[in-house]
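What follows is a short report on a single structure.
Just so you know, all these numbers are worked out from the coordinates, no wet-lab data involved. Bear in mind the structure is a predicted one, so any value in this text is a computation, not a measurement. Reconstructed Cβ throughout: ideal geometry from the backbone, glycine too, with neighbour counts over all protein chains shown.
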Amino acid sequence: MTVEVVVEEKETTQLGGGDDNGGVEVKVEEESIKEGPKVIEKSASYKEESNFLSDLKEFERKALNEMKEKLEEAIIGGRIFKKEEVKKIENVQEKEKEKEKEKEIVEEKEKEKEVVVEEKEETKQENKEEEEKKPEAQEEKKVEEKKPEAEEETKPETEKEEKVEEKTPEAEQEEKKTEEKCVDEVDKDISLWGVPLLPSKGAEGIDVILLKFLRAREFKVNDALEMLKKSLQWRKENNIDSILEEDVGADLGSAAYMYGVDREGHPVCYNIFGVFDNEELYQKTLGTEEKRNEFLRWRLRLMEKGIQKLDLKPSGISSLLQINDLKNSPGPAKKELRIAMKQAVGLLQDNYPEFVAKNFFINVPFWYYALNALLSPFFTQRTKSKFVVSRPAKVTETLLKYISAEELPVHYGGFKREDDFEFANEEPNVSEITVKAGSTESIEIPVDELGTTTTWDLTVLGWEVNYREEFVPNDEGSYTIVVQKGKKIGTQEAPIRNSFRNNEPGKVVLTVENGSSKKKRVLYRYKTKKSSGV
């Protein structure tokens, strides 16, 4: 089946048929043959940096090998989690201090006992004459009464001293060795996003991960290794490896979500700042420090979910596309939002290096530049180079360079709809035509079989055109059926989806009339389905 694109009231010529145009027959002006259906323009500089060793520069390979050596030594030597080692040393020191204190207490009591004995001796001498007068039996009785008291005073201290001495020997050293052994075993098994980090294990994804940290630190090995260590420590302290099992921020799905992929296969993450214009949601999400921390944890969880969609291998897709929609955002005037964004930027940049292939800021308002100046010190130059900024009028055109119309959501001018199965099993078949200023073009979809349902999607970048839909029967005696009467469509119109079931052979005609002074790009796709029982 073929589709004809007709330029009204102009002399036309027919381009060669199906092979050159994907089975689409096109009629256009002779002077504008190049303006017929074409593949939508893509960005020319949007390939992920290669993670294959053969594609790396010599200094990059050298840095990667050096980092592997140092990481191997650090893991085997148990020097990854420095803070924990310091804590263990401090615990040992505390125990030793406690022992010293216990010994000092014993010594002080021993001294007190000696003083008591000396005082008793002096008293004994002063009262010697009186004691001599008393019967020897009574004197012996006194001595016998004093001995148990002295023994009672001495015995606990002796026993305590013995107990202190019992804590010191080999048992405690053995316990310390066991703790160190456990630390070594854990360190050797350490992994990041499911990839074992001990280089000698030869995990396929280790080069991908280490290159991310090296690129984030301009291939300075020591800096990259330190960044990796700090990130691992942060993950451990905040239980990031178990964050996917948590159920946090269930009401925040409208604030950020993963949806579809771009032209290169990168998962796309949408951050919708306009939801915070709702005061109730704003206070519920960012109103207090505790709530901001919950929000940040929810956002980190979303990042981890996005990484689960990646293939951390040299041949795989290992980064995301991020879109920040600033439409209706409350902006930097909201203190809590500024704080949360600073924290989010810091956490993501420090612990998820090189996980964003491109970072879009769309529907940018006037205050964006003030916010950018505020956050700019937190971004590296490498990160800034990935920014793409788009004003509202250019959003669809900009995004289509990176995301196909089939994968771009309808509210951004694409054809992707939630829970839509109409084109689910169809091959990508989006075509594009250009309507010059002051001209009209029609897309004709022949429908030769009776009872066929034709469904189509169509969008015009920038709209501001007149548009209509008709079914024209092949029989000249039949009447043309108006599917959608002509109307002027403004700039904010969403893509159109419609369908028609024919009762006789004919064609569906979609007409775009461009009365503006600028050319318009029209994207469309269609499918036909024979109705059952016809």
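Each peptide in 320-326, 439-445, 360-366 receives the mean, over its residues, of other Cβ atoms within 10 Å, and ordering these scores from highest gives 320-326, 439-445, 360-366. Pairs from the table (Lys70/Lys358; Lys230/Lys305; Lys291/Lys416; Lys334/Lys519; Lys358/Lys488; Lys309/Lys401) lying more than 29 angstrom apart at Cα are Lys70/Lys358; Lys291/Lys416; Lys334/Lys519; Lys358/Lys488.
Mean separation of Cα pairs under 8 Å and 6 or more residues apart, divided by the residue count, gives region 379-534 a relative contact order of 32 percent. Comparing Phe273, Val388, Leu400 along the charge dipole axis of region 255-400, the residue lying farthest to the positive side is Val388, per the Cβ-charge model. For the pair Lys394 and Ile481, the difference between a 0.36 nm per residue extended length and the Cα-Cα distance amounts to 27.8 nm. Taking 0.36 nm per residue of sequence separation and removing the Cα-Cα distance, the Lys309/Tyr257 pair yields an extension gain of 17.4 nm. Taking the average, over residues, of other Cβ atoms within 10 Å as the packing measure, peptides 415-422, 64-71 rank 64-71, 415-422 from highest down. Taking amide H as placed 1.01 Å from N in the peptide plane, the amide H of Arg263 sits under 5 Å from that of Ile403, Ser404, each at least 5 places away or on another chain. Extending each Cα 7 Å along its Cβ direction at Leu450 and Glu60, get the distance between those two points in nm, one decimal. That separation, rounded to one decimal, is 6.4 nm. Remark: region 318-425 carries a charge dipole of roughly 700 debye about the Cα centre, counting +1 on each Lys and Arg Cβ and -1 on each Asp and Glu Cβ.
If both residues of a DSSP beta bridge must be in region 255-400, then about 20% of such bridges are antiparallel.
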